[in-house]
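Notes follow the structure.
The values are calculated or read from the model by the stated rules, or taken from the named source; none is laboratory data. Because the structure is a prediction, the values reported are computed rather than measured. Virtual Cβ from ideal backbone geometry, glycine too; neighbours counted across all protein chains shown. Just so you know, the surface numbers come from the protein's heavy atoms only, side chains and all, with ligands and any DNA or RNA stripped out. Shrake-Rupley method; radii C 1.70, N 1.55, O 1.52, S 1.80 Å.
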Amino acid sequence: MKVLLFGGAGYIGTHVAMAFMDRGDHVGIYDNLSSGLRSNVSKDAEFFEGDILDRQRVREVLSKGWDCAVFLAAFKAAGESMIKPEKYSENNITGALIVITECVAAGCMNFILSSSAATFGEPQYLPIDEKHPTNPENYYGYTKLCIEENLKWYSKLKNLRFAALRYFNAAGYDVNGRMLGLEKNPANLIPVVMEAAAGMRPNVLIFGDDYDTIDGTGVRDYVHVTDLADAHVRAADYIMKQNKDLIVGLGSETGLSVKQIVEASRRITGKPIPAEIVARRPGDPAKLVASSKMAYDLLGWKAHYSDLDTIISSTWNVYKANLQAQGKEV
């Protein structure tokens, strides 16, 4: 299979590329390197530098003939999306629509969307499954839902087959240690905790400790990025072999609290990791946990590496390697 990954030099994209290459597929990476790293692109992948808003460049690369496109080129900071909606509408919506329309024009009729659990909004019940209402609470989540809706129309009108993979919290690094480039400007909890462990920031802020959870801190479903990458390969096979569309949630089905993440990180890194309790952030639910039953039933997918220790240790190994490369003590 020839697979073209838009945004394939980013954190998740690099892992998805490895999953396809591990089974012998030909992989192309299209990325503007605004957040992706050239050093993380395998020498075995074809690399095309370009922006998804550059229609001519997108068209040129798609003309090389691809069986499947994977779209991972979205901005993803939920908080920023509420302050700069224009940035997110232009890249996440306009950019995705350019890619989708050019895929159809080029005859690349299989499309995998990196979507998000942010499409659901405030949980009405747990665990969250595919029947849960979609009512995004941030503009980032809306952009993902908007593209899902457009893909449904392109499926009806142009016979484009698609899979929308609604990730919960992506975490960890390649379990075989093949990816050493750190994510640029991370905003998610685990990289922030690792930066505190590495001395790159003074402490970790814990937003609220009075939720109705196991220890008062927010609980989230963390899914290892190696598991996510495997789901992309399975989804591509599914839509191509079954000739059916797919919208599916991907999570570990286990909730981990902020305090559990911090305490496990202290144990695994051996670092004190100072943490400060501050006020809740508006719009943060107490608990988010996925049901991945549909992913198992349709794709045979299970989260194999999404236990707490594997997530933390695989992440710390990359931070440790980067510190050592800089000649710093760990």
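Miscellaneous remarks
- When cysteine pairs in the chain are screened for C-beta atoms closer than 4.7 angstrom, the residues that find no partner are 68, 146.
- In this structure residue 233 has an accessible area near 10 Å², from a 1.4 Å probe over the protein heavy atoms.
- Probing with 1.4 Å while keeping every protein chain in the model, the per residue accessible area of the chain equals 44 Å².
- Loop-located trypsin sites (Lys or Arg not before Pro) in the range 82-151 (DSSP state other than H, G, I, E, B) with a sparse environment of at most 15 neighbouring Cβ atoms within 10 Å: 131.
- Placing +1 on the Cβ of every Lys and Arg and -1 on the Cβ of every Asp and Glu, with no other charges, gives the chain a dipole of roughly 460 debye about its Cα centre.
- Acute angle (nearest 10 degrees) that the helix 11-22 long axis makes with the longest principal axis of the chain, alpha-carbon atoms: 60
- From phi via Karplus (6.51, -1.76, 1.60), per-residue ³J(HN,Hα) for the range 58-64 in Hz, x at Gly/Pro: 4, 4, 4, 6, 5, 5, 6
- With the whole protein complex present, residue 60 retains an accessible surface near 90 Å², based on a 1.4 Å probe.
- Cα shape, the range 48-131, gyration tensor, a/c 1.5 rule: oblate
- R0 of 51 Å, Cβ-Cβ distance residue 309-residue 46: FRET efficiency to nearest 0.05: 0.90
- Note on the range 197-294: Lys pairs 8 or more places apart or on different chains, Cα atoms under 21 Å apart, count 4.
- Rg/Rh for the chain, where both radii come from Cα atoms and Rh is the Kirkwood radius: 0.95
- Using R0 = 41 Å, the C-beta based FRET efficiency linking residue 2 and residue 281 works out to 0.45.
- Overall form of the range 253-330 per C-alpha gyration tensor (a/c, 1.5; a/b vs b/c): oblate
- A Förster radius of 30 Å, combined with the Cβ-Cβ distance separating residue 54 from residue 135, puts the computed FRET efficiency at roughly 0.35.
- Under 28 Å from residue 87, Cα to Cα: lysines that are on another chain or at least 8 residues apart: 76, 144, 152, 184
- The ratio of the alpha-carbon radius of gyration of the range 191-254 to the globular-protein estimate 2.2 N^0.38 Å is 1.68.
- With the cut-off at under 18 Å, measuring from each backbone N in the range 1-45 to a point 7 Å along the Cα-to-Cβ line of residue 241 picks out 1-3, 19-26.
- Of all DSSP bridge pairs formed entirely within the range 185-315, close to 40 percent run antiparallel.
- Think of the chain as having a plus end and a minus end, set by charges on the Cβ of Lys, Arg, Asp and Glu; of 310, 300, 208, 300 sits farthest toward the positive end of this dipole.
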